[in-house]
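The values are calculated or read from the model by the stated rules, or taken from the named source; none is laboratory data. Source: prediction; values computed, not measured. Please note: Cβ atoms are built from the backbone with ideal geometry, for glycine as well, and neighbour counts cover all protein chains shown. Each accessible area value is taken on the protein alone, full model and side chains, heavy atoms only, with ligands, DNA and RNA left out. Shrake-Rupley method; radii C 1.70, N 1.55, O 1.52, S 1.80 Å.
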Amino acid sequence: MPQIHFLDVTNRDGVQTARTGLSKFGKTMVNFYLGRLGAAQSEIGFPFLFHEVPYVRAQLALAEAGAFGGLRLSGWCRGVARDVEKAAGVRVAGAGLAHYNLSISTSDYMIANKFRGRLDRDAIVRETVAAVRTAKAAGALTVGVNAEDGSRTDDGFLTEFALAAKEAGADRVRYCDTIGGDTPERVRERFARLASAVGMPVETHCHNDLGLAVANSVSGALGDLEAGQDAWINTCVNGIGERSGNADLLATILAFRHGFGLEKHGAEIGDPIDLSWARRFALWASYAFGQPLPYTQVGVGRNAFAHESGIHADGALKDHGNYELYDEETLGPFPDDWHTRPGRVVLTGEYGGKAGFRHVMDGLGIDPVDEDLAFKLVQLCNAQTGRPLTDDELRLIGTHPRELALLFPGQLG
């Protein structure tokens, strides 16, 4: 039976959001949480960029050490061979990224108004084929090709583009609703048609300019399932992303878990999702990105399970199922981190000493693998984030200091 998989793009589309940002250590924590949550894959960033190289090496080492569970790590490159060649050269102990997504614009609108004569349809196909072959030759296990502005690309060229990529070795094609103008019925029909024509999964990548990113992602996935293909859904934590954001990770998972009528489509999640990490991830991301969660944020907002009006309060007190679709306890506990304690508290960070470091680590029950290295990493990570480190961050530092040290080449002596 075809299955649904979640490929989160917080560390690529999410971090390139205007007026926000995330440190390389923060991006590492996104991968940590995605692994705990049970997502299939994380698009970890841009491995061909010079400032991503230490971060990518650290992620490879952490993955090898089991810090991310079964999470697959993928790199995003432009659909040109030279980007892939640079990315493939980023290795740790001889191993590099095993998964890639290669992106190029495909719509006539972008050909005319973005490329402006530099590329035509034939050139787009040639560039993509060369990039896919380069990735496969470098040892990539899976390659997805991204049709940027796919929602404004006609069926004929989308099919031609995807089939050429498949012949070159691509495993999926990403249909990007780049400007967020698609609608659920249209997306479902186009996904079913394209997935049937090319015989491989069509990956959803939906933006929220009309508030339809989650609905379109669900509908696109159903189109894949109708065509007998697995569905791969792009998401971002808390629905962050460029402009109005991307499909929210938790909302999309909950839609498939609890949405009425989806069971008749055989909508089965193929990832080992553990929603007990949902609140910790969402609230950590809000803290790390400096973006407060709306009160109405699905599942994790302050009012997601709040009741006041008489009829609702009475019904919820009798049985919360009267006015709640799912049980809040499935989303895990709210974080209660050391640094949020009121009154007298000793913290550890950029300017802290060994006594404070030991006090905090002992208080959290953390026995660092390498105390001296972990102490230095606490200082460096706090300096990079510019905010108190959370309990989960301190635990990762204490457990995997040698792998995390790759984030800071030449700084640890």
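Looking at the range 162-212, which of the residues that are under 21 Å from the mean Cα position of the chain (by Cα) and polar (S, T, N, Q) is surrounded by the most Cβ atoms within 10 Å (Cβ to Cβ)?
204
Considering only helices (runs of 4 or more DSSP H) fully contained in the range 181-293, which possess at least 2 residues that are in contact with a strand residue (DSSP E or B) (Cβ under 9 Å, 6 or more places away or on another chain), in contact (Cβ under 8 Å) with a residue 40 or more places away in the chain and farther than 25 Å from residue 103 by Cα? Spell out how you get there, then give the answer.
Details: elements: 184-198, 213-226, 249-258, 278-289.
In the range 181-293, 249-258 are the helices (runs of 4 or more DSSP H) which contain 2 or more residues that are in contact with a strand residue (DSSP E or B) (Cβ under 9 Å, 6 or more places away or on another chain), in contact (Cβ under 8 Å) with a residue 40 or more places away in the chain and farther than 25 Å from residue 103 by Cα.
From 406, 394, which residue is of a type in the set (A, V, I, L, M) and either more than 16 Å from residue 23 (Cβ to Cβ) or touching a Ser or Thr at 6+ places or on another chain (Cβ under 8 Å) (or both)?
Values: 406 fails: either more than 16 Å from residue 23 (Cβ to Cβ) or touching a Ser or Thr at 6+ places or on another chain (Cβ under 8 Å) (or both).
Only one candidate passes the filter, namely 394.
Quick one: in the range 251-307, of everything that is of a type in the set (D, E, K, R), under 22 Å from residue 240 (Cα atoms) and surrounded by fewer than 18 Cβ atoms within 10 Å (Cβ to Cβ), which residue is modelled with the highest pLDDT?
Among those residues, the one meeting the criterion is 274.
I'd like to check something: does the range 148-160 contain any residue that is aliphatic (A, V, I, L, M) and open to solvent by 10 Å² or more (accessible area, probe 1.4 Å)? Walk me through it before giving the result.
Initial filter on the range 148-160 (aliphatic (A, V, I, L, M)): 158.
Restricting the remaining residues to those that are open to solvent by 10 Å² or more (accessible area, probe 1.4 Å) gives none.
Taking every residue of the range 148-160 in turn, none turns out to be aliphatic (A, V, I, L, M) and open to solvent by 10 Å² or more (accessible area, probe 1.4 Å).
Results for (1) modelled with pLDDT of 95 or more; (2) in a loop (DSSP other than H, G, I, E, B); (3) open to solvent by 60 Å² or more (accessible area, probe 1.4 Å), shown as yes or no for each residue.
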position: 330; (1), (2), (3): yes, no, yes
position: 339; (1), (2), (3): yes, no, no
position: 345; (1), (2), (3): yes, yes, no
position: 360; (1), (2), (3): yes, no, no
position: 366; (1), (2), (3): yes, yes, no
position: 375; (1), (2), (3): yes, no, no
position: 392; (1), (2), (3): yes, no, no
position: 397; (1), (2), (3): yes, no, no
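With respect to residue 97, determine if the residue is closer than 22 Å to residue 203 by Cα and crowded, with 21+ Cβ neighbours inside 10 Å. Outline the logic, then answer.
Working: closer than 22 Å to residue 203 by Cα: yes; crowded, with 21+ Cβ neighbours inside 10 Å: yes.
Answer is yes for this residue.
Among residues belonging to the range 109-126 that are more than 26 Å from the chain's Cα centre (by Cα) and touching a residue at least 24 places away in the same chain (Cβ under 8 Å), point out the one that is most open to solvent (accessible area, probe 1.4 Å). Even if it seems obvious, please write down each step before you answer.
Taking the range 109-126 first, the residues more than 26 Å from the chain's Cα centre (by Cα) are 109, 111-126.
Right, trim to touching a residue at least 24 places away in the same chain (Cβ under 8 Å) and you get 109, 121, 124-125.
Values: 109: 127, 121: 74, 124: 0, 125: 24 Å².
Residue satisfying both the conditions and the ranking: 109.
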